[in-house]
1. I want to confirm something. Restricting to segment 284-333 and keeping residues that are over 17 Å from Phe131 (Cα atoms) and among the charged types (D, E, K, R), which single residue is nearest to the ligand (Cβ to nearest atom)?
2. Working only within segment 188-211, note down all residues that are part of a helix (DSSP H, G or I) and within 27 Å of Gln157 (Cβ to Cβ).
3. Does segment 119-139 contain at least one residue that is under 20 Å from Glu207 (Cβ atoms) and either outside the structural domain of Gly62 (by TED's automatic domain parsing) or open to solvent by 50 Å² or more (accessible area, probe 1.4 Å) (or both)?
4. Being of a type outside the set (Asp, Glu) and either surrounded by fewer than 21 Cβ atoms within 10 Å (Cβ to Cβ) or in a loop (DSSP other than H, G, I, E, B) (or both) is the filter here, so list the residues in segment 334-351 that pass it.
5. Just give me the residues in segment 354-363 being more than 24 Å from Ile448 (Cβ to Cβ) and buried (at least 24 other Cβ atoms within 10 Å of the Cβ), in sequence order.
6. Residues in segment 377-399 that are away from the ligand (no atom under 14 Å from the Cβ) and out of contact with any Phe, Trp or Tyr (no Cβ under 8 Å at 6 or more places or on another chain): how many?
7. Check whether at least one residue in segment 391-400 is at pLDDT 95 or above and either in the same structural domain as Pro94 (by TED's automatic domain parsing) or assigned to a helix (DSSP H, G or I) (or both), and report yes or no.
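The values are calculated or read from the model by the stated rules, or taken from the named source; none is laboratory data. Note that the structure is a prediction, hence the values are computed from the model and not measured. Note that each Cβ is placed from the backbone with ideal geometry, even for glycine, and that neighbours are counted across all protein chains shown. Surface accessibility is based on the protein's heavy atoms, side chains included, excluding ligands, DNA and RNA. Shrake-Rupley method; radii C 1.70, N 1.55, O 1.52, S 1.80 Å.
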Amino acid sequence: MLYRFRTSLLSIFLAASSVTTSHSQTAVSKTRTIPQGSIPHLENQGSATQLIVDGKSFLVLGGELHNSSSSSVEYMRPVWPYLATMHLNTVLMPIAWETIEPEEGKFDFNSVEGLLRGAREHNLKLVFLWFGAWKNTFSSYAPAWVKKNTERFPRVQMSNGMDTERLSPFSSVVRDADAHAFSNLMRYLRDADGNTHTVLMVQVENEVGVIPESRDHSSVANASFDSSVPAALTSFLEKNRSTLDPKLRAAWEAGGAKTTGTWQQVFGKTPLTDDLFMAWHYATFIERVTAAGKTEYPIPMYANAALIRPNYEPGQYNSGGPLPHSMDLWRAGAPSLDFFSPDIYFNEFAQWAGSYARPGNPLFIPEAQGGATGAANVLYAFGRLSAIGFSAFGVDDQNNTPLDLVGITNPAEHPDNNVLSDMYADLSTLAPVILEKQKTGGITAALIEGEAQRSARQSIGDYTATITRAGGASGTAARIGAMFIQTGTHEFIVVGCGDAQVTFSTDKPGLPIVGIESIDEEFFVNGAWVPRRRLNGDENSQGQTLRLHATDSAQGRIYRVRLYRYH
Ligand code: DGJ
């Protein structure tokens, strides 16, 4: 996968717009060059891949809006200031196909313009979610002229021959119409945002797949299922055999790693084969949409997946989405996508996030639980997995119940329940050092995910930190996260979330016992770190442990810990 965009795409010349539009900017015909490297892009930086915005690495501290919020600029008017209080730097929001192309070939970008304006006025960046042909397997955001013409825009069918409310990934007509709309959106963004860079990335479609059957049973899908697996896929499998996902590799090798044959001959007569078949066809469809958009404006683009509950079979989950076992097919079928993302609502955050943080696939989590759960998880994502971004879902919901499960809560309304927004405040001051350490090493994190887990151990430098539950925690507060940033051989910055104590040990040669020299609260004031209280007494068991608190406010959550060794 290429993280530096191709030289051929660097100089973009505006062509006269061929579309009818109600927005004056796209009606203007002019020629303009976007300077090399100036638009948001991904770059390999040391051991990490990072998002570069205006020449600098950028950590996305995000929140995603509810699905319908961005369909109305008026609705968003009071939401913007509310979002701005939450310490997030980026808002993820849908742009629906039906909004920008309500009539075929007639584009209206007024609402997109209003969203760009709202974000800029509140100093926020955006990630747009293209709700084109599919949103959560359905096609509910396609324009009426598409929805109502099932002859021209065919549907995924059930095995009983019934249509579903899903456009067919096997239809080139659907694909080209989606790609046409998306390329117009990206052309508009190039014109309206090519210099300002409010929009950082675009998600192409949302949680695709089929459900409750494991594959499309239309006649065109059946014919494709019974024909040969495309050579483009089998040659990818051969070339990348040693790095293939173990589940995919096992399915392929069980049949003798064939390079020709039908889907069932190559991957076996199992429901997984249906999932892989659908994955390939969603990927190749979305490749055409993505490539069309990138031809206009090549900012980073990705696809997201709904995850799987344990032991679920394809069709019980969205069959065909970019899941860990099918990510290789997606890479082969959709090389224009920069990465694949998990939407993580399950408690097994470390496992799911870890399965997407792969070589060639930087971790970006567009949807996740917020509140205290999110605050612990975000530490793990940035500290352990070098994530480029994290985003809680439903952040514009001002009546979250329960407060911890949905988005970030409004600090003004819930003064003691703003754990994730406080964490974002801390992380925004720490962002430069986090980004630097993601490149060079010297950053890690640990997570305690449920009440059954009492402790976690994590090594950094010459030391091992043991994080132990402080007891009494229940429910979602049972989750504990701690991030460790090494600032010297014996010195660390620690950020935590949850009731826990941290002790330190070493297994490195030399003096065997580790003592805590000092623990200082650190504050970022006028661009510099300054210590306040020294915590070497009751607050930290007479200097024996670092104490982390579930209810820490933004003030006093960052600690500088100095260690020493003796015998
Ligand atoms: C996952 C989807 O991607 C979102 O658009 C939204 O529907 C959430 N689920 C709701 O929990």
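1. Looking at the filtered set, the residue picked out is Arg309.
2. Listed by number, the list is empty, since nothing qualifies.
3. Checked segment 119-139: at least one residue is under 20 Å from Glu207 (Cβ atoms) and either outside the structural domain of Gly62 (by TED's automatic domain parsing) or open to solvent by 50 Å² or more (accessible area, probe 1.4 Å) (or both).
4. Hits for segment 334-351 are Ala334, Pro335, Ser336, Leu337, Tyr345, Phe346, Asn347, Gln351.
5. Pro362
6. Counting residues in segment 377-399 that are away from the ligand (no atom under 14 Å from the Cβ) and out of contact with any Phe, Trp or Tyr (no Cβ under 8 Å at 6 or more places or on another chain) gives 5.
7. Checked segment 391-400: at least one residue is at pLDDT 95 or above and either in the same structural domain as Pro94 (by TED's automatic domain parsing) or assigned to a helix (DSSP H, G or I) (or both).
For (1) touching a helix residue (DSSP H, G or I) at 6+ places or on another chain (Cβ under 8 Å); (2) at pLDDT 95 or above; (3) within 25 Å of Ala179 (Cβ to Cβ), each residue gets a yes or a no:
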{"position": "Ser218", "(1), (2), (3)": "no, yes, yes"}
{"position": "Ser242", "(1), (2), (3)": "no, yes, no"}
{"position": "Ala254", "(1), (2), (3)": "no, yes, no"}
{"position": "Gln265", "(1), (2), (3)": "no, yes, no"}
{"position": "Arg288", "(1), (2), (3)": "yes, yes, yes"}
